[in-house]
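> Take this structure, written in structure tokens, and hold onto it; I'll ask about it next.
Just so you know, all these numbers are worked out from the coordinates, no wet-lab data involved. Just so it is clear, the structure is predicted and the values come from calculations on it, not from any experiment. Cβ coordinates were reconstructed from backbone atoms using ideal geometry, including for glycine residues, and neighbour counts include every protein chain displayed.
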Amino acid sequence: MIRGVRGAITVGADQPDEILRETGRLVLEMAKENGIEPDDVASVIISTTTDIASAFPAKAVRTLENWTHVPVMCTHEMDVPGSLPLCIRVMMHVNTSLAQKEIQHIYLNDAVKLRPDLVRNTEAKML
């Protein structure tokens, strides 16, 4: 069964190194928490708020060990007034035997504000 695994993270500034580092961190945490191997991944869609424009977060995924051939695409989120700034969101489509309610969606840094109902341990996820 293909399931969607969600994740989001914020960065402190629109800086290429930080965007790539934090995107990689998010994707690896999503994979770890859900027992996902790169061969399980059908595709990854990454969106950013429009204040992130200095780097493609997809590059971070493609450079992870064994993730080179995973299809990844970037896009921008809608520019809604008052939305969380400097945010990177990931939708990973994976082949898994987990039930929908067993999927661990990952929210890091200030992105825990997006779905506090899905964050298991807010203090452990914030850095």
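> Subtract the Cα-Cα distance of residue 101 and residue 14 from 0.36 nm times their separation in residues, and report this length gain in nm to one decimal. Kindly include the intermediate steps, with their values, before the conclusion.
Numbers: separation 87, 0.36 × 87 = 31.32 nm, distance 3.38 nm.
Extra length from residue 101 to residue 14 when fully extended: 27.9 nm.
> Another question, if that's okay. Please order 92, 73 by the number of other Cβ within 10 Å, starting at the fewest.
73, 92
> Here's another thing I want to ask about it. What's the extension gain from residue 68 to residue 50 if we count 0.36 nm per residue and subtract their Cα-Cα distance?
Extra length from residue 68 to residue 50 when fully extended: 3.9 nm.
> Follow-up question, since we're still on this one. Taking the Cα centre of segment 1-74 as the origin, how large is its charge dipole in debye, to the nearest 20, when only Lys and Arg (+1) and Asp and Glu (-1) carry charge on their Cβ atoms?
140 debye
> Pick the calculated Cα extents along the principal axes in Å for this structure from (i) 37, 32, 25; (ii) 43, 29, 27; (iii) 46, 34, 24?
Label of the calculated value: (i).
> Treating only the Cβ atoms of Lys and Arg (+1) and Asp and Glu (-1) as charged, compute the dipole magnitude of the chain about its Cα centre; round to the nearest 20 debye. Spell out each step's value before the answer.
Details: 13 positive and 17 negative charges, 52 e Å.
Roughly 240 debye for the chain.
> A further question on this structure: Under a straight-distance cross-link criterion of Cα-Cα below 14 Å, which aspartates and glutamates are reachable from residue 113, leaving out those fewer than 8 residues away in the same chain?
Correct list for residue 113: 123.
> I want to check the label-to-label distance for residue 1 and residue 40. Put each point 7 Å from Cα in the C-beta direction and report it in nm to one decimal.
1.4 nm
> What ranking do 9, 46, 2 get, fewest neighbouring Cβ atoms within 10 angstrom at the top?
Fewest-to-most ranking of 9, 46, 2: 2, 46, 9.
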